[in-house]
1. State the dimensionless ratio Rg/Rh of segment 1-143 (Rg: radius of gyration of Cα atoms; Rh: Kirkwood radius).
2. What pairs from Lys14/Lys107; Lys72/Lys93; Lys27/Lys135; Lys14/Lys183 go past 31 Å between their alpha carbons?
3. Given Cβ point charges of +1 (Lys, Arg) and -1 (Asp, Glu) and nothing else, what value in debye, to the nearest 20, does the dipole of segment 1-125 about its Cα centre take?
4. Using 7 Å Cα-to-Cβ label points, what is the Glu58/Lys24 separation (nm, one decimal)?
5. Taking +1 at the Cβ of each Lys and Arg and -1 at the Cβ of each Asp and Glu, which of Pro56, Met32, Thr20 sits farthest along the dipole of segment 13-81 towards its positive end, judged by Cα position relative to the Cα centre?
6. By how many nm would the segment from Glu86 to Ile5 lengthen if fully extended, with 0.36 nm per residue of separation less the alpha-carbon distance?
7. Counting only other residues whose beta carbon sits under 13 Å from that of Glu59, what net charge do I get with K and R as +1, D and E as -1?
8. Using DSSP to call loops (not H, G, I, E or B), can you name the GluC sites (Glu not before Pro) in segment 1-97 whose Cβ has at most 15 other Cβ atoms within 10 angstrom?
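Just so it is clear, none of the values below were taken in a lab; they were calculated from the coordinates. From a predicted model like this one, the values you see are computed outputs, not experimental measurements. Glycine also receives a Cβ, built like all others from the backbone with ideal geometry; neighbour counts cover every protein chain displayed.
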Amino acid sequence: AAERIKELMAFSVKTPFEPTELIKASKMLEGMGGETLAIGEGLTMIGDAATQATRPLEEVARNVGKMFLRMKAGESFKEPLTQLQEMGTMSEKGYASLNKLNTEMAKGTRTAMTAGEALKAMQEGMAQSAGEMDKAARRHGGMVSTMKGNIELLEISFGTGINKGLATGLDAMNDTLPEWLEK
């Protein structure tokens with residue numbers, strides 16, 4: 001668990017999402033699909049899709065998790081697929097590809113998928129949003145979110161009682177912000 005939190009903290013400073021959002025989504029995804037979705041490429045795909053669609057991370061993660069579970073079971077995943085399409089997380093071509101796969105599973109002509117196969121199919125279907133977190137993190141709002149995320153990481157590191165060192169750091173930041181405004 002401590003290693004996962006470290007990974008999510010490092011992930012948060014590179015994305016427009018704050019640590020608490022990522023931790024919450026990762027915990028939910030762990031329960032739905034294990035590490036395949038909860039970290040690494042899976043969480044990156046979900047974060048990119050949520051960023052591109054300007055939807056809450058948890059909402060996109062929940063639907064991707066449902067789709068993933070059903071793909072692994074060889075069942076129809078039409079409902080979460082439709083939800084993700086309505087959110088704008090995939091192109092028309094990506095939707096068509098995943099919808100064809102869904103039809104095959106619903107008819108029983110396509111069997112259950114491994115976790116890796118399901119992830120790959122979803123990544124191909126949502127390819128249009130690849131890299132969206134990186135783009136957003138470089139915009140003004142993303143940079144502010146990164147700063148908030150770093151402050152939140154300090155709070156997590158120091159626990160609930162914000163110590164004197166953090167207060168000193170915040171004072172220094174507040175002294176420096178007017179200088180930045182002038183620039």
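1. Rounded to two decimals, Rg over Rh is 0.97.
2. Violating the 31 Å Cα-Cα cut-off are Lys14/Lys107.
3. Dipole of segment 1-125, to the nearest 20 debye: 280 debye.
4. Label at Glu58, label at Lys24, 0.3 nm between them.
5. Met32
6. 26.0 nm
7. Computed value for this residue: +1.
8. Glu75
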